[in-house]
Amino acid sequence: MNFSEVFKQSNQLCKVSPDGKYLATCVQYRLVVRDVSTLQILQLYTCLDQISHMDWSSDSLFILCAMYKRGLVQVWSLEQPDWHCKIDEGSIGLVSSRWSPDGRHILNTTEFHLRVTVWSLCTKAVSYIKYPKACQKGIDFSRDGCYMALAERRDCKDYVSVFVCDDWHLLRHFETETQDLAGLEWSPNGCVLAVWDSCLEYKVLLYSLDGRLLSAYSAYEWSLGVKSVTWSPNSQFLAIGSYDEKVRILNHITWKKITQFEHPSSINNTKAVVYKEVEKRTAVGSDDLSLHITIGTALYNTRSKYEICPSPVQIPVVKPDPDRANPKIGVSSLAFSSDSRYLATKNDNMASVVWVWDMQKMSLVAVLEQTSAVRCFQWDPCRPRLALCTGNTTLYLWSPAGCVSVQVPTEGGFQVQSLNWHRSGDSLMLLGKEQLCLCYMDTDQEDKSLGCSFCLPS
């Protein structure tokens, strides 16, 4: 592995363009666009205020910068740096801004979710959509960019409207059988729309494009229900993470549960490999002493490695406080590998553990126990390889071949808070609190000098 130098960023507003050629980063009110391969600055734009949100258009030609406090959106062109667009929502305010799939329309959601405004960059036409619902995921576009599903709330009832993105005409409008709709998501093939209720009622509904209810699923009643939902890339599985610390898998033929994955505190599965992170602290040499005193860190270098633990293995569990809202319990994170072969999960009251499941064998294949709570994990978009971070100076990778922990070799103790894969899978963008760096993957060579510690299953 190789690492780039460190660059400044604000609020983790950093994104690689959809075509993979450019890297856009926000530093307060400035937008910096770099070439991904050379990291040379190509364009530098200055916005009217500190940037709250940034996003690329689907064709990588335009960049949207939203300033929510001022109700402003500015759009910049890569091909024509002198061209720019400013959208002012005025006194009605702005809480969300996003591109349409064609990259020529911008959807702004106003304060209190009074309406969604659709702005056209080509014709300057404006369309309004009323009654958008304020929920976890109220807007979703189909993968092919043809349709938009919008959750609505009117007359104390939940509805879903399906719009055609070409001209924004209403295709279907139907009431959902939910008490308080929390989110919706298209299947990757665009044939089915999954809708789920709030955590107070366990209900997942599956609708066809024309609004027909295909199936309704409820695992139990009178307890906190759905916490997370995700589709497999091949659209064959719908994974539902619940507050009861289980993941239920629905199949795409009958929409019935085919299996469920539990997250026990004691692992007795002899077929699953349990990797446990072990930290080793070494004293800092006299040459590095002044540096460590200057940056205010401990006078030790912390290196970590994975060890394989024989079963049974006890998993550390944190008991949630029943008197506090949003208890830290249940499966909040779900992610399928790009080939739909593996599913990675995280149970919130086992925050330092990532579970990896084999979807062909429908069984647990690996458990990664970290020394700190897992902040983020994400699959390589091209191969079954999982990257994760825990807010320290180490990057962790899992694949069916084994595990590796890599020390990020930057000065000042770069702490990885979040990460994102490049679309090619050849590099990773590592985000700290106010910095970022790129990690370049070299699958054919191991660089021991970077502190790689490999652990292979027997």
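How many residues does region 35-63 contain that are buried (at least 18 other Cβ atoms within 10 Å of the Cβ), of a type in the set (Ser, Thr, Tyr), free of Cβ contacts under 8 Å to residues at least 40 places away in the same chain and not in a strand (DSSP E or B)?
0
Under the condition of being assigned to a strand (DSSP E or B) and among the hydroxyl-bearing types (Ser, Thr, Tyr), which residue from region 221-245 is surrounded by the most Cβ atoms within 10 Å (Cβ to Cβ)? Spell out how you get there, then give the answer.
First, pick out the residues of region 221-245 that are assigned to a strand (DSSP E or B): 226-231, 237-242.
Those still in the list that are among the hydroxyl-bearing types (Ser, Thr, Tyr) too: 228, 230, 242.
Numbers: 228: 20, 230: 19, 242: 22.
So, considering only residues that are assigned to a strand (DSSP E or B) and among the hydroxyl-bearing types (Ser, Thr, Tyr), the one surrounded by the most Cβ atoms within 10 Å (Cβ to Cβ) is 242.
Among what's in region 20-34 and is outside any strand (DSSP E or B) and within 19 Å of residue 72 (Cβ to Cβ), pick the residue that is most open to solvent (accessible area, probe 1.4 Å). First the steps, then the outcome.
First pass over region 20-34, keeping only residues outside any strand (DSSP E or B): 20-21, 28-29.
Remaining after also requiring within 19 Å of residue 72 (Cβ to Cβ): 28-29.
Numbers: 28: 100, 29: 81 Å².
Checking each candidate, the answer is 28.
Can you find a residue in region 210-220 that is at pLDDT below 95, open to solvent by 50 Å² or more (accessible area, probe 1.4 Å) and over 20 Å from the mean Cα position of the chain (by Cα)? Before the answer, list the steps.
Residues of region 210-220 at pLDDT below 95: 210.
Going one step further and asking which of them are open to solvent by 50 Å² or more (accessible area, probe 1.4 Å), we end up with 210.
Filter once more, keeping what is over 20 Å from the mean Cα position of the chain (by Cα): 210.
Scanning region 210-220 turns up at least one residue that is at pLDDT below 95, open to solvent by 50 Å² or more (accessible area, probe 1.4 Å) and over 20 Å from the mean Cα position of the chain (by Cα).
If you take the residues in region 369-397 that are among the charged types (D, E, K, R) and out of contact with any Phe, Trp or Tyr (no Cβ under 8 Å at 6 or more places or on another chain), which one is surrounded by the fewest Cβ atoms within 10 Å (Cβ to Cβ)?
To start, the set of residues in region 369-397 that are among the charged types (D, E, K, R) comprises 369, 375, 380, 383, 385.
From the residues that got through so far, the ones that are out of contact with any Phe, Trp or Tyr (no Cβ under 8 Å at 6 or more places or on another chain) too are 375, 383.
Numbers: 375: 18, 383: 13.
If we take residues in region 369-397 being among the charged types (D, E, K, R) and out of contact with any Phe, Trp or Tyr (no Cβ under 8 Å at 6 or more places or on another chain), then 383 is surrounded by the fewest Cβ atoms within 10 Å (Cβ to Cβ).
Going by the conditions given, is residue 311 closer than 19 Å to residue 455 by Cβ and modelled with pLDDT under 95? Write out each step before concluding.
On the way: closer than 19 Å to residue 455 by Cβ: yes; modelled with pLDDT under 95: yes.
Judged against the criteria, residue 311 is a match.
Taking region 411-420 only, how many residues are more than 11 Å from residue 376 (Cβ to Cβ) and open to solvent by less than 30 Å² (accessible area, probe 1.4 Å)?
Just the residues of region 411-420 that are more than 11 Å from residue 376 (Cβ to Cβ), to begin with: 411-415.
In the following step, the residues that additionally are open to solvent by less than 30 Å² (accessible area, probe 1.4 Å) were identified as 414.
Within region 411-420, residues that are more than 11 Å from residue 376 (Cβ to Cβ) and open to solvent by less than 30 Å² (accessible area, probe 1.4 Å) number 1.
Go through region 327-368 and give me each residue that's of a type in the set (Val, Ile, Thr) and open to solvent by less than 10 Å² (accessible area, probe 1.4 Å). Show your work before the answer.
First, pick out the residues of region 327-368 that are of a type in the set (Val, Ile, Thr): 329, 331, 345, 353-354, 356, 365, 367.
Once the filter is applied, which keeps residues that are of a type in the set (Val, Ile, Thr) and open to solvent by less than 10 Å² (accessible area, probe 1.4 Å), region 327-368 yields 331, 345, 353, 354, 356, 367.
List the number of the failed condition for residue 256; all other conditions in (1) at pLDDT below 95; (2) open to solvent by 50 Å² or more (accessible area, probe 1.4 Å) hold.
Unmet condition: (1).
Residues that are within 22 Å of residue 437 (Cβ to Cβ) and small (Gly, Ala, Ser): does region 19-35 have at least one? Outline the logic, then answer.
Step one: list which residues in region 19-35 are within 22 Å of residue 437 (Cβ to Cβ), which gives 19-28, 30-35.
Narrowing further to those that are small (Gly, Ala, Ser): 20, 24.
Looking for residues that are within 22 Å of residue 437 (Cβ to Cβ) and small (Gly, Ala, Ser), one finds at least one in region 19-35, hence yes.
Among 40, 28, 50, 74, which is of a type in the set (S, T, N, Q) and in contact with a Ser or Thr (Cβ under 6 Å, 6 or more places away or on another chain)? Step through it out loud before you land on a result.
Working: 40 fails: in contact with a Ser or Thr (Cβ under 6 Å, 6 or more places away or on another chain); 50 fails: in contact with a Ser or Thr (Cβ under 6 Å, 6 or more places away or on another chain); 74 fails: in contact with a Ser or Thr (Cβ under 6 Å, 6 or more places away or on another chain).
Answer to the check: 28.
Considering only region 2-20, I want to know if a residue exists there that is over 24 Å from residue 415 (Cβ atoms) and without any contact (Cβ under 8 Å) to a residue 24 or more places away in the chain. Please lay out each step first, then the result.
First, pick out the residues of region 2-20 that are over 24 Å from residue 415 (Cβ atoms): 17-20.
Now narrow it down to the ones that are without any contact (Cβ under 8 Å) to a residue 24 or more places away in the chain: none.
No, that holds for no residue.
Quick one: residue 17 ticks every box in (1) over 21 Å from the mean Cα position of the chain (by Cα); (2) crowded, with 19+ Cβ neighbours inside 10 Å bar one, so which box is it?
In the conditions (1) over 21 Å from the mean Cα position of the chain (by Cα); (2) crowded, with 19+ Cβ neighbours inside 10 Å, residue 17 misses (1) alone.
Given the conditions (1) without any contact (Cβ under 8 Å) to a residue 40 or more places away in the chain; (2) of a type outside the set (S, T, N, Q); (3) within 30 Å of residue 123 (Cα to Cα), which single one is not true for residue 186?
(1)
Is one or more of the residues making up region 178-185 under 24 Å from residue 204 (Cβ atoms), open to solvent by 40 Å² or more (accessible area, probe 1.4 Å) and assigned to a strand (DSSP E or B)?
No; the residues of region 178-185 include none that is under 24 Å from residue 204 (Cβ atoms), open to solvent by 40 Å² or more (accessible area, probe 1.4 Å) and assigned to a strand (DSSP E or B).
Looking only at residues in region 196-209 that are among the charged types (D, E, K, R) and open to solvent by 40 Å² or more (accessible area, probe 1.4 Å), which one is nearest to residue 329 (Cα to Cα)? Break it down stepwise before answering.
Within region 196-209, the subset among the charged types (D, E, K, R) is 197, 201, 203.
Add one more test, that the residue is open to solvent by 40 Å² or more (accessible area, probe 1.4 Å), and what stays is 201, 203.
Details: 201: 16, 203: 19 Å.
By that ranking, first place goes to 201.
So the check is Cβ under 9 Å with 6+ separation or different chains; which pairs have a first residue in region 411-436 that's of a type in the set (Lys, Arg) and a second one that's open to solvent by less than 30 Å² (accessible area, probe 1.4 Å)?
As it stands, the answer is 423/20; 433/417, since those pairs meet every condition given.
Can you name the number of the only condition in (1) buried (at least 18 other Cβ atoms within 10 Å of the Cβ); (2) touching a helix residue (DSSP H, G or I) at 6+ places or on another chain (Cβ under 9 Å); (3) more than 25 Å from residue 23 (Cα to Cα) that residue 97 fails?
(3)
The values are calculated or read from the model by the stated rules, or taken from the named source; none is laboratory data. The shown structure was predicted, so the numbers you read here are calculated from the model rather than taken from an experiment. Neighbour counts run over all protein chains shown; Cβ positions are idealised from the backbone, glycine included. Calculation scope for accessible area: heavy atoms of the full protein, side chains included, ligands and nucleic acids excluded. Shrake-Rupley method; radii C 1.70, N 1.55, O 1.52, S 1.80 Å.
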